[in-house]
Amino acid sequence: MNRKPIFAANWKMNKGASETEDFVKSFLSKLQGQDFPCEIVIAPPFVSLPKLADMLHNANAVQNAHAIQIAAQNCSQFDNGAYTGETSVLMLREFYVHYVIIGHSERRSIYGESDAIINAKIKKAREANLKPIFCIGETLAEREGGMLETVLRTQLTDGLKDISEKDLLETVIAYEPVWAIGTGVTATSDQAQDAHAFVRSVLKDLYGAETAARIRIQYGGSVKPNNAAELMACPDIDGALIGGASLEPQSFMEIIRNGCGHSA
Ligand code: PGA
């Protein structure tokens, strides 16, 4: 099954507009003349979206701008109104946002997002034709307690409740074991492949084999230039969601270079 790998930078709460500008200039100059067979996505903080949109989509767009797609790190499950601090999907659309990260473990654990809220956000994103990057993953205690499969199945089943097959096909799943995020501890390629294969088997139960085989599943959690190739060589891993190592243009580029060539 031909699934185009997708490498997404999740900058979290890093890089305002001027740092975003510096990064994009440097990254695109490094990218010059290279044509990787994968999608490259950057998810900056909300306030940096206008700068990114301006650089990539306006009349004076920087050279090679088409190589990057824009993502948001979150969206509201509501349309508009009295939701202080929130950002709607239609507001994101104004800045050429294509993807939106939903259900990141930091949103789940720090901001209390439940599977039901995540499900509502996925639906809202699809109403605006945004592509969700839907994050799932277990904590270390859950893994060690033998709960890995139960946790992943619940997150998938509840997060995708009433999501049509058509909308699922526009969704990317990001498997991110919580214990590997920002810790420097990466899942071994066997652990990652096993979890990805399990995720695909749950998608098969929910949507059938043909659809499950078409869904891209990214790995996230301490992906670095030196482990990208091995992880991406796994048959069910279709790219990466990268936090810390995406903050430097050089390391983000090396992850793409090392990972892209090896993607199964
Ligand atoms: P990390 O973050 O690469 O810094 O571990 C990944 C993520 O949270 O998406």
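The values are calculated or read from the model by the stated rules, or taken from the named source; none is laboratory data. Because the structure is predicted, anything quoted here is derived from the model rather than measured. A quick note on method: Cβ atoms are made from the backbone with ideal geometry, for glycine too, and the neighbour counts reach across all protein chains shown. In case anyone asks, the SASA skips ligands and DNA or RNA and just uses the protein heavy atoms, side chains included. Shrake-Rupley method; radii C 1.70, N 1.55, O 1.52, S 1.80 Å.
Per-structure values
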quantity	calculated
Accessible-area composition of the stretch 1-92, carbon plus sulfur, in percent [1.4 Å probe]	49 percent
Rounded FRET efficiency, nearest 0.05, which uses the C-beta distance separating residue 250 from residue 162 and R0 of 51 Å	0.75
Förster radius 30 Å - calculated FRET efficiency between residue 18 and residue 83 (Cβ-Cβ, nearest 0.05)	0.55
Global size of the stretch 44-137 as Cα Rg and Dmax, reported in angstrom	13.7, 42
Of 175, 83, 219, the one that fluctuates the most in a GNM where the chain has Cα springs shorter than 10 Å	83
Residues listed by number, the stretch 43-76, amide nitrogen under 18 Å from residue 90 label point at 7 Å toward C-beta	75-76
Per-residue ³J(HN,Hα) for the stretch 74-82, Karplus 6.51 cos²θ - 1.76 cosθ + 1.60, θ = phi - 60°, Hz, x for Gly and Pro	5, 8, 7, 8, 10, 7, 5, x, 7
Distance in nm between pseudo-label sites at residue 2 and residue 62 (7 Å out along the Cβ direction from Cα)	3.1 nm
Added length on full extension, which subtracts the Cα-Cα distance from 0.36 nm per residue, residue 128 to residue 114	2.9 nm
Average accessible surface area per residue within the stretch 155-264, 1.4 Å rolling probe, Å²	37 Å²
Calculated FRET efficiency for the pair residue 169/residue 35, C-beta based, R₀ 35 Å, to 0.05	0.90
For the chain, calculated [θ]222 nm from helices alone, where every DSSP H run of n ≥ 4 adds -39500 (n - 2.57)	-12500 deg cm²/dmol
Alpha-carbon centroid distance for the pair the stretch 100-127 / the stretch 1-32, whole angstrom	23 Å
